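Just so you know, all these numbers are worked out from the coordinates, no wet-lab data involved. Note that the structure is a prediction, hence the values are computed from the model and not measured. Here Cβ is always computed from backbone atoms with ideal geometry, including for glycine, and neighbour counts include all displayed protein chains.
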Amino acid sequence: MENVKIEGRASGLLKIELNEQGEYIVVSADNTSLFDKFVSGFKYITDLAEKIHAALDQIEKKYEERDDFAAVMEKTQEMSCENVKFSTEAVQMIDSLFGPDTVRKYFRDEYAEIPDFLPDADGILDFFEQIIPVMEALFKRKVERQRQAGKARMSKYKPQDHKKKGGRV
């Protein structure tokens, strides 16, 4: 029996450290759904952010004429519920994009001190400000690698390799 081994390909894995303790996530540009999931996830979170601003504006209007203690408490509670809803959905989206506990790893210090910590909108935006340039670079490298591989494949073939017998191309 003849044994043949094919040449392995370069891995498209990228390890992204999320904290000082070295916890990380791994992504791969070779995962065909990564770009779509990332863009869709980011759009989902920005849409959520727009909705929360509208909801908070509605709550503000609802309590415009009232400044008694009970009204202030009700308003604060309603606004807090909207913020918790946003953060909970955003955390779920981020963890679905990059793997379980991504947010927990990124906010490791906070979770170490406050086990039920839930990052606010600013913290979530901070995460995206950090991860977007990394993802852009990953996708650019993928496109360049594909372009180079295509050129290399095509350079193996010469035009005469594709001529039909009888002189026609």
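For Ile6, indicate whether it is loosely packed, with under 11 Cβ neighbours inside 10 Å and under 30 Å from Glu144 (Cα atoms).
Judged against the criteria, Ile6 is a match.
Name the one entry in Phe69, Phe107, Phe42, Phe35 that is surrounded by fewer than 16 Cβ atoms within 10 Å (Cβ to Cβ), within 24 Å of Gln130 (Cβ to Cβ) and aromatic (Phe, Trp, Tyr).
Phe35
Residues Ala29, Ala71, Ala90: which one is of a type in the set (A, V, I, L, M, F, W, C) and more than 14 Å from the chain's Cα centre (by Cα)?
Ala71
Filter segment 54-68 down to residues that are part of a helix (DSSP H, G or I) and more than 17 Å from Thr88 (Cβ to Cβ) and give me whichever is nearest to the chain's Cα centre (by Cα).
Ala54
Which ones in segment 80-103 are out of contact with any Asp or Glu (no Cβ under 8 Å at 6 or more places or on another chain) and surrounded by fewer than 17 Cβ atoms within 10 Å (Cβ to Cβ)?
Of everything in segment 80-103, those that are out of contact with any Asp or Glu (no Cβ under 8 Å at 6 or more places or on another chain) and surrounded by fewer than 17 Cβ atoms within 10 Å (Cβ to Cβ) turn out to be Ser80, Cys81, Val84, Lys85, Thr88, Glu89, Gln92, Ser96, Gly99, Pro100.
Going through segment 72-109 one residue at a time, which ones are touching a Lys or Arg at 6+ places or on another chain (Cβ under 9 Å) and without any contact (Cβ under 8 Å) to a residue 12 or more places away in the chain?
Matches in segment 72-109: Val72, Glu74, Asp95.
Restricting attention to segment 55-62, does a residue exist that is surrounded by 12 or more Cβ atoms within 10 Å (Cβ to Cβ), without any contact (Cβ under 8 Å) to a residue 60 or more places away in the chain, of a type in the set (Val, Ile, Thr) and out of contact with any strand residue (DSSP E or B) (no Cβ under 9 Å at 6 or more places or on another chain)?
yes
Checking the condition exposed (fewer than 12 other Cβ atoms within 10 Å of the Cβ) and more than 24 Å from Thr46 (Cα to Cα), which residue from Glu113, Glu136 passes?
Sole residue among the options that is exposed (fewer than 12 other Cβ atoms within 10 Å of the Cβ) and more than 24 Å from Thr46 (Cα to Cα): Glu113.
Of the residues that sit in segment 21-30 and are in a loop (DSSP other than H, G, I, E, B) and either touching a Lys or Arg at 6+ places or on another chain (Cβ under 6 Å) or touching a residue at least 12 places away in the same chain (Cβ under 8 Å) (or both), which one is nearest to Val134 (Cα to Cα)?
Filtering first and then ranking leaves Ala29.
With within 25 Å of Leu18 (Cβ to Cβ) and out of contact with any Cys (no Cβ under 7 Å at 6 or more places or on another chain) as the only criterion, which of Phe42, Phe69 stands out?
Only one candidate qualifies: Phe42.
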